[in-house]
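**Student:** Take a look at the following structure, please.
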Amino acid sequence: MKRVLCTFVLVLFATASAAQEKISIYHWFEYIPQELLDKFSEETGIEVVMDTYDSNETLLSTLKGGKLGSYDVAVPGDYMVKILISEGMLDEIMPGELANFGNIQPQWVDVDFDPGRKHSIPYQWGTTNFSVNRDAYTGDIRTTAILFDPPEVLRGKINVLDSRGELLALASLHLGIPQCTSDREQLQALDDLVQGAKQHWASFNSAGAKEVLVSGEAWVGMIWNGFAAKARAEGANIEYSYPREGMIAWMDNVVLLKDAPNRASGIKFLDFLLEPENSAAVTNYARYSSGIAGVEALLDEELLSQPEAVPPADAPSGTFVEVCDPEVDKVYDQIWTRLKQ
């Protein structure tokens, strides 16, 4: 009788433990197909719980606001990975923990924001520029002046991303000044530029950056290239710009957060995303580019030729958002705060 009772208790304990196994993900909106999350749950038995955000800055403020220790993994951009590491908010991925680590394309392993990939794996990469409604405007769009000194016809019909890092970096490219400059005159010029351009902008909208272009609410929209491709596919007669002054490049990454309540589940999720088939599923859905080897043969054919991913031969190289030193960062914060008032 005792043996039967003991066996019964062990079965109940094992069942309860299995039922409690889950993962809590903090992710960008509209950036992973539900079918892929379902596949992960089916293969591992791990329940997926996901919240979303609309900017790297929102991610940081949420974690700083008391949510660190609530989520297992998140998907920050390159510069935000560097910030999270400096803030001590990321766990370290130990050698050998990821069976599929070797699937990372070599150029994305020893990156400056996370040398050797001790805290992150590649998710997707792309560019940030803007798209223009070609029914509304037929002129030259390969200039950042479309955002910062727009033609009269486009004024009041412009949406910009609610993203401090990307918007101020693009403004710096427009002015031809270094990011994170400490030169007072250059910082004043940056402030003057964005404060003056604000009067021509209808909205700061990241989550709805695609929808405002599709609906025609905005004729110009600062946007990520994959999101722009989706907007065009949904019927917007838009063209994605490759400004001569420069454009923003980025890589989003999956990180294991410090004090993750379900660390083992987080490791399984990272390893799952390192499989080419699963990374390709993200690329086919989000319309960006993968950093995982073996993905190309699994991609939708139209991805290989979509204009948002195939820049013209004379397009400038992408510029990654830089992390400023604390003193300069305070000035950037002041500029951004005034801009959002």
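**Student:** With closer than 25 Å to Y79 by Cβ and in a loop (DSSP other than H, G, I, E, B) as the only criterion, which of Y332, Y242, Y285 stands out?
**Tutor:** Of the residues listed, the single one that is closer than 25 Å to Y79 by Cβ and in a loop (DSSP other than H, G, I, E, B) is Y242.
**Student:** With the requirement that a residue be of a type outside the set (G, A, S) and either open to solvent by 10 Å² or more (accessible area, probe 1.4 Å) or free of Cβ contacts under 8 Å to residues at least 60 places away in the same chain (or both), what does the range 228-246 give you?
**Tutor:** If the condition is that a residue be of a type outside the set (G, A, S) and either open to solvent by 10 Å² or more (accessible area, probe 1.4 Å) or free of Cβ contacts under 8 Å to residues at least 60 places away in the same chain (or both), then K230, R232, E234, N237, I238, E239, Y240, Y242, R244, E245 are the ones that fit.
**Student:** Residues that are under 21 Å from the mean Cα position of the chain (by Cα), at least 2 per element: which helices (runs of 4 or more DSSP H) completely within the range 35-148 meet that?
**Tutor:** Result: 56-62, 78-86.
**Student:** Checking G221 against (1) buried (at least 24 other Cβ atoms within 10 Å of the Cβ); (2) outside any helix (DSSP H, G or I); (3) of a type in the set (G, A, S); (4) not assigned by TED's automatic domain parsing to the domain that holds L161: exactly one of these is not met. Which one?
**Tutor:** (4)
**Student:** Also, quick follow-up: Quick one: which residue in G139, G96, G88 is among the small types (G, A, S), free of Cβ contacts under 8 Å to residues at least 12 places away in the same chain and either closer than 30 Å to G208 by Cβ or outside the structural domain of S163 (by TED's automatic domain parsing) (or both)?
**Tutor:** When all the criteria are applied, what remains is G96.
**Student:** A further question follows. Tally up the residues in the range 262-282 that are under 20 Å from N56 (Cα atoms) and either touching a helix residue (DSSP H, G or I) at 6+ places or on another chain (Cβ under 8 Å) or part of a loop (DSSP other than H, G, I, E, B) (or both), please.
**Tutor:** Going through the range 262-282 one residue at a time, the tally reaches 1.
**Student:** Another question, then. Quick check on this structure: which one of D252, D300, D259, D192 is in contact with a helix residue (DSSP H, G or I) (Cβ under 6 Å, 6 or more places away or on another chain) and either farther than 21 Å from F40 by Cα or surrounded by 19 or more Cβ atoms within 10 Å (Cβ to Cβ) (or both)?
**Tutor:** Selected residue: D300, the only one of D252, D300, D259, D192 that is in contact with a helix residue (DSSP H, G or I) (Cβ under 6 Å, 6 or more places away or on another chain) and either farther than 21 Å from F40 by Cα or surrounded by 19 or more Cβ atoms within 10 Å (Cβ to Cβ) (or both).
**Student:** Which members of the range 147-170 meet the condition of being farther than 25 Å from K330 by Cβ, open to solvent by less than 10 Å² (accessible area, probe 1.4 Å) and β-branched (V, I, T)?
**Tutor:** Within the range 147-170, I158 is the sole residue that qualifies.
**Student:** Being of a type outside the set (A, V, I, L, M) and closer than 13 Å to F269 by Cβ is the filter here, so list the residues in the range 46-55 that pass it.
**Tutor:** Correct list: E47 only.
**Student:** Hey, among the residues in the range 195-218 that are touching a helix residue (DSSP H, G or I) at 6+ places or on another chain (Cβ under 7 Å) and part of a loop (DSSP other than H, G, I, E, B), which one's nearest to I158 (Cα to Cα)?
**Tutor:** For the range 195-218, the residue satisfying everything is A218.
**Student:** Moving on to the next point. Taking the criterion of being open to solvent by less than 50 Å² (accessible area, probe 1.4 Å) and either of a type in the set (D, E) or out of contact with any strand residue (DSSP E or B) (no Cβ under 7 Å at 6 or more places or on another chain) (or both), would at least one residue in the range 118-129 satisfy it?
**Tutor:** No, the range 118-129 has no match at all.
**Student:** While we're here: Of the residues in the range 20-53, how many are in contact (Cβ under 8 Å) with a residue 60 or more places away in the chain, in contact with a Ser or Thr (Cβ under 7 Å, 6 or more places away or on another chain) and surrounded by fewer than 18 Cβ atoms within 10 Å (Cβ to Cβ)?
**Tutor:** Residues that pass the stated criteria total 3.
**Student:** Being farther than 18 Å from D149 by Cβ and more than 19 Å from the chain's Cα centre (by Cα) is the filter here, so list the residues in the range 197-211 that pass it.
**Tutor:** S203 - this is the single residue of the range 197-211 that is farther than 18 Å from D149 by Cβ and more than 19 Å from the chain's Cα centre (by Cα).
The values are calculated or read from the model by the stated rules, or taken from the named source; none is laboratory data. Since the structure is predicted, the reported quantities are computational estimates derived from the model, not experimental observations. Positions of Cβ are generated from backbone atoms using ideal geometry, with glycine treated the same way; all protein chains shown enter the neighbour counts. Surface areas here come from the heavy atoms of the whole protein model, side chains and all, with no ligands, DNA or RNA. Shrake-Rupley method; radii C 1.70, N 1.55, O 1.52, S 1.80 Å.
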